[in-house]
Amino acid sequence: MRWFLIILNISKTHLLSRVKQTSIAALGVTFGIGAFIILMSFMTGLNGLLDGLILNRTPHIHIYNEISPNLNQPASLYSDLENSMHVIHSIKPKQTQLKIHNALPIINYLNTNKEVKGAIPQVKTQVFYTAGIIELNGIVTGILPLEESRLFNFHDYIIGGTPQGLKNNLNGILLGIGAAKKMSLKIGDRVQLATPKGDFISLKIVGFFQSGLGEIDNVQSYVNLKTAQRILGENANYITDINVKLLDINQSVPMSKAISKQFNVTAIDINTANAQFETGTSIRNLISYAVSITLLIVAGFGIYNILNMMIYEKMNDIAILKATGFSGFDVKMIFISQAVIIGFIGGVLGLIIGFVCSKLIDSLPFETEALPTIKTFPVNFNYLYYVVGIVFAMVSTFFAGYLPARKAQKIDPVEIIRGQ
Amino acid sequence: MKKVLEAKHINKFFRKPVLFQALNDISFSIDKGEFVSIMGKSGCGKSTLLYILSTMDTDYEGQLFLNEELITGKTKNELAYFRNKHIGFVFQFHYLLPEFTILENVMLPAKKLGLKSHEEIEHDAIEKLKLLHIDEQAFKIASRISGGQKQRVAIARALINDPTIIMGDEPTGNLDSHNADNVFNIFKELSEEQNLSLLVVTHDKDFADKTDRIIEMGDGKII
């Protein structure tokens, strides 16, 4: 410990006697780390936002009954034709119901699974929004508003209302904003729906739904699950979709396979449904890391240069330190500690600058149709990037200092002293 | 009489640019309290010998004893410790660390040795500076004092760990006659009053004449 303090004291004196050089070297690190923090915070913030657009509203596993032709056509069951080629024209999908068989027990079963964050039912149905004699095509989805909000950030897409508001009003509807504009409807107005069975039902608008995708906003509306079942004239076990959110998204593929096998339903996992989004995320991350590492390597070369020059200037000092009993290792540690001190000071400054700039970006206005609740640029203040930043600063300056320091370790004092 | 330093059959070769024997079978010893000077013309190998004796140069043949302990063959770190504890250096060009204060320069070898507390070392350092009449400069930066003063600081630094022997490579070579006399008198005092052993390389005949013993060298041999 004492030994270390002596070494540290020597390097401190060296650094303080060259404030200008030291601060230039430290500034190199500061800019590198600052840029790293800003880049990573902003990039991952944006990534999070973009991923969120898909991930938050997409269930990890979507369970429903798909309309499809039967894979086992009668011709293939007929043993006389076993070794022949079957050519069947105009296969029709098999007649099936849209509702999921035994949906409520399935939901209960899934909710007891430890890997499942939540499984919630939906009822989807076609309707017409009627305004006078005009009929607009629409889709009404019956949901459990609070659960939907908890698992799929449903509240982010509601304007002028709340999930709670929808839950409290069995005659309430969150109308798609595009449809609302077409019909000039305001919150509190009533909208008439024509159901597939030909009935008319009048619902009160408790808020608007805006997803940012115009085509969806023109047709999609949300009501309570019970309301949707009432529109269809079905009872409480009529459920057309089950949306599952898992704790670990990577489990979605095996889980969905298991579910579809166990319950004989169609279960689509998020990776199949949205294969492209992960690619974008990883490439954006890769670019951010590549740029930051480049910046830090440039800063590292700056430190390498300055320490190298310093060692040439300090030849005499090194010789005298060695002559008076400091070992090569001591001398090496003096220069490495200088590099690491520069790295630490520059790194901490970089973190501070990075944080301040991130805060600044965070307060810049950023309005997007896609996310009505987002008002400023998204910035990720994950402390992990700050840890990575300071570790990277220390490690890169350590290596930048190590090479010149090893040179100093090897300097032969006799050559220096005799050379005078 | 206890032998402080003993060299046995030391040979030294320079391999570059051509093979050249710099030292040829050097054997001698120094007793405790003796003030010895090595004299000789430039290139006769006297500095080369000094650096071997100082343990900084390990590339030689023969055996070297310090305090009746075999030094030859020790590792670099052991040698560094040995130099720190037993040998004090005074060079022709004072070689202080320019950014440090006089006091810090003197204290540094003792701090490295680490046997005493910071306060004790500071006290010792002030004592040594007083001994050399330079204590009033203690808190000045080393680059701000005159050459003669620097050389006295270098002597104080050489003394700080109470070494077995002090070695000097032309310690007066860069000083005017007044300061050179001053340095010589300090050495003489140390030798007589503190019974310190000194080995000084010089080509200053006046200086050498006043020492206890002169070792004359020529062409890598003791004459």
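Please treat every number below as a calculation from the coordinates, not as lab data. Since this is a predicted model, take the numbers as computed values, not measurements. We place every Cβ from the backbone using ideal geometry, glycine too, and count neighbours over all the protein chains shown.
What residue among A:Gly188, A:Gly161, A:Gly347 shows peak mean-square fluctuation when chain A is described by a Gaussian network model with Cα springs under 10 Å? In this elastic network of chain A, the residue with the biggest mean-square fluctuation among A:Gly188, A:Gly161, A:Gly347 is A:Gly188. Averaged over its residues, how many other protein chain Cβ atoms are within 10 Å of peptide B:46-54's Cβ atoms? Per-residue shielding by partner chains comes out at 2. Taking every DSSP beta bridge that has both ends in region A:160-218, the antiparallel portion is near 50%. Rounded to the nearest 20 debye, the dipole magnitude of region B:3-222 is 660 debye, with +1 charges on Lys and Arg beta carbons, -1 on Asp and Glu beta carbons, and the Cα centre as origin. Pairs over the 18 Å Cα-Cα cut-off, from the set A:Lys314/B:Lys116; B:Lys3/B:Lys130; B:Lys150/B:Lys205; B:Lys85/B:Lys128: A:Lys314/B:Lys116; B:Lys3/B:Lys130; B:Lys150/B:Lys205. At R0 = 30 Å, how high is the FRET efficiency between B:Arg213 and B:Asp181 if r is their beta carbon distance? Nearest 0.05 is fine. Approximately 0.90, to the nearest 0.05.
Computed from Cα positions, the angle between helix A:2-16 and the longest principal axis of chain A comes to roughly 90 degrees. For region A:180-285, the list of trypsin sites (Lys or Arg not before Pro) that fall in a loop by DSSP and count at most 12 other C-beta atoms within 10 angstrom reads A:Lys186, A:Lys197. Projected label points at B:Glu193 and A:Val253, each 7 Å from Cα along the beta carbon direction, are separated by 8.7 nanometres. Where the centroid of each part is defined by its Cα atoms, how far is region B:115-171 from region A:1-66 in Å? One Cα centre to the other: 47 Å. With the alpha-carbon atoms of region B:3-222 aligned to their principal axes, the span from lowest to highest coordinate is 48, 38, 36 Å, starting with the largest.
Each label was represented as a point 7 Å from its Cα along the Cα-to-Cβ direction; for A:Thr13 and A:Ile293 these points are 4.1 nm apart. Extension gain for the segment A:Val395 to A:Lys114, taken as residue separation times 0.36 nm less the Cα-Cα distance, is 97.1 nm to one decimal.
Peptide A:311-324 has a mean of 5 when you count, residue by residue, the C-beta atoms of other protein chains within 10 Å of its C-beta.
Taking Cα atoms only, the orientation of helix A:275-313 departs from the longest principal axis of chain A by about 10 degrees.
Taken one residue at a time, the phi angles of region B:103-115 give Karplus couplings (6.51, -1.76, 1.60, θ = phi - 60°) of 4, 4, 4, 6, 6, 3, x, 5, 4, 4, 5, x, 8 Hz. Gly and Pro are set to x. Evaluating 6.51 cos²θ - 1.76 cosθ + 1.60 at θ = phi - 60° for every residue in region A:109-118, the Karplus couplings come out as 4, 5, 5, 8, 5, 5, 7, 9, 7, x Hz, glycine and proline recorded as x.
Modelled spin-label separation between A:His89 and A:Leu213, with each label point placed 7 Å from Cα along the Cα-to-Cβ direction: 3.8 nm.
Taking R0 as 60 Å, what FRET efficiency do you get between B:Lys2 and A:Leu360 from their Cβ-Cβ distance, rounded to the nearest 0.05? So the FRET efficiency works out to roughly 0.20.
In this calculation the C-beta distance from A:Lys204 to A:Thr266 is compared with R0 = 41 Å, giving a FRET efficiency of 0.75. Rounded to the nearest 5, what % of the DSSP beta bridges within region B:3-222 are antiparallel ones? Roughly 50 percent of the DSSP beta bridges within region B:3-222 come out antiparallel.
Karplus-based coupling profile of region A:400-417, in residue order and whole Hz: 4, x, 5, 5, x, 5, 5, 4, 4, 4, 8, 4, 8, x, 4, 4, 5, 5, with θ = phi - 60° in 6.51 cos²θ - 1.76 cosθ + 1.60 and x standing for Gly or Pro.
Filter the trypsin sites (Lys or Arg not before Pro) in region A:307-351 to those in DSSP coil with at most 11 other Cβ atoms within 10 Å of their Cβ, and list the result. Sites meeting the loop and neighbour criteria: none at all. Each DSSP beta bridge with both residues in the protein assembly as shown is either parallel or antiparallel, and the antiparallel ones are about 65%.
Extents of the protein assembly as shown, taken as max minus min of Cα coordinates on every principal axis and listed largest first, are 130, 67, 40 Å. For the peptide B:95-103, the mean number of other protein chain Cβ atoms found within 10 angstrom of a residue's Cβ is 5.
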